[in-house]
Amino acid sequence: MSELRWNPILREWVATATHRMDRPQLPKDWCPFCPGSGRVPDDYDVYIYPNDFPTFRMPPPKPSMEGTGLLQVAPSAGVCDVVLYTPEHDTTLAQLPVSHIVKLVRLWRRRFRELASMPEIHYVFIFENKGEVIGVTMPHPHGQIYAFPYIPPKVQRELDSAQEHYESTGRCLFCDVMEEEKRDRRRVLAEGEGFFVVVPFYARWPFEVHITSLRHMGNIEEFWEEEIQGLARILKFVLLKYNNLYGFSFPYIMVLHQAPTDSRDYPYYHFHIEFYPPYRSRDKLKYLAGCESGAGTFINDSAAEEKAAQLRAVPPHTLEEVD
Ligand SMILES: [Zn+2]
Ligand SMILES: [Zn+2]
Ligand SMILES: [Zn+2]
């Protein structure tokens, strides 16, 4: 069973996908993503693999029941991809050379374009869950792409604020926030190669990091060649800092926030990437407890300025060190 159920109280869709209960949990003896599995080419650099347990698919299955006026049901139309970062099983994105990460950025761009051209797809969401504590079920280095038939609510909230700011000031909200962070400097980790890296003033997670394009643009399709190269280096810069914090491979959620692909124009939206690592210190995890889950307010037990200083203190110290 796979369908969208509408919550009229929170005004959001919940995707039900009961077949996902059958997903393999960290299989030890076999990996479908490794060359030789019969499921992927014997020779690849980076590769789009159709998710075996998709939340969205095309054409979608018929919903299991009819909705009512209040409790609506919709087909879960969309696409779920697995993005294989490398044929090597025992590595991570942080360990790959920048020249290889460039191939990943190009693949994201190509796939974004393909999915964006599908009329049913209103939002292309590129992300990575990394680490067992995040709930990763397959250890092979990979990310995912969910192509949604609607604009997801977190992005919609960003769009609404950005639109309001644009209409009242004529400027981009993301550009304006970036200018304030640049003036303040205390939370900045890097600037260069076309991007700006910061622990945001309003970080929800202790080591939350945002990467924002210096140039005002809505999505990865608008990248110049230098920005493709630059983003690869910037990503590795952030991931190496994370790994060097406590000397272990740092788990995180990474999400790309881009303009929707529903054929409307979003001149006020601005490309950025957000990282949410669950660790708040070497051996303590942050959980989404009552206040976060029930009230929607995050409690961050550290100041963004302190965490930025901690991240600045570990290598790499400059973008030039990363290759
Ligand atoms: Zn593998
Ligand atoms: Zn902007
Ligand atoms: Zn965002």
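None of the figures in this text is laboratory data; all of them are computed from the coordinates on show. This one's a predicted model, so the numbers in the text were calculated from it and none came from an experiment. Cβ coordinates were reconstructed from backbone atoms using ideal geometry, including for glycine residues, and neighbour counts include every protein chain displayed.
See the values below:
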item	result
Percentage relative contact order, the range 63-188, counting C-alpha pairs under 8 Å, at least six apart	27 percent
Any cysteine of the chain lacking a neighbouring Cys Cβ under 4.7 Å - listed by number	80, 291
Fluctuation leader among 294, 67, 36 - the chain, Gaussian network, Cα springs under 10 angstrom	294
Mean Kyte hydropathy of 0.0 or more with a Cα span along the axis of at least 18 Å, helices from DSSP in the chain	225-246
Packing-based exposure ordering (other Cβ within 10 Å, fewest first) of 34, 175, 80, 291	291, 34, 175, 80
Low-density loop positions, chymotrypsin sites (Phe, Trp or Tyr not before Pro), the range 234-265 - DSSP coil, at most 13 other Cβ in 10 Å	248
Gyration tensor (alpha-carbon) shape descriptor, the range 2-321, a/c threshold 1.5	rounded
Alpha-carbon centroid distance for the pair the range 290-323 / the range 139-209, whole angstrom	14 Å
Share antiparallel - DSSP beta bridges, the range 1-154, percent rounded to 5	95 percent
The range 247-292: trypsin sites (Lys or Arg not before Pro) in DSSP loop, at most 15 other beta carbons within 10 Å	264, 282
Relative contact order for the range 174-323, counting Cα pairs under 8 Å that sit 6 or more residues apart, in percent	32 percent
Proximal lysines relative to residue 284, as straight alpha-carbon distance under 16 Å, when same-chain residues fewer than 8 apart are discounted	307
Calculated P(r) tail over 26 Å for the range 183-323, as whole % of Cα pairs	27 percent
At most 12 other Cβ within 10 Å, DSSP loop - trypsin sites (Lys or Arg not before Pro), the range 147-219	185
For the range 131-185: rounded, prolate or oblate by the Cα gyration tensor [a/c cutoff 1.5]	oblate
222 nm mean residue ellipticity, helices alone, for the chain (DSSP H n ≥ 4; -39,500 (n - 2.57); rounded to 500)	-8000 deg cm²/dmol
Two-site label geometry, residue 48 and residue 202: point separation in nm, points 7 Å out along Cα→Cβ	3.3 nm
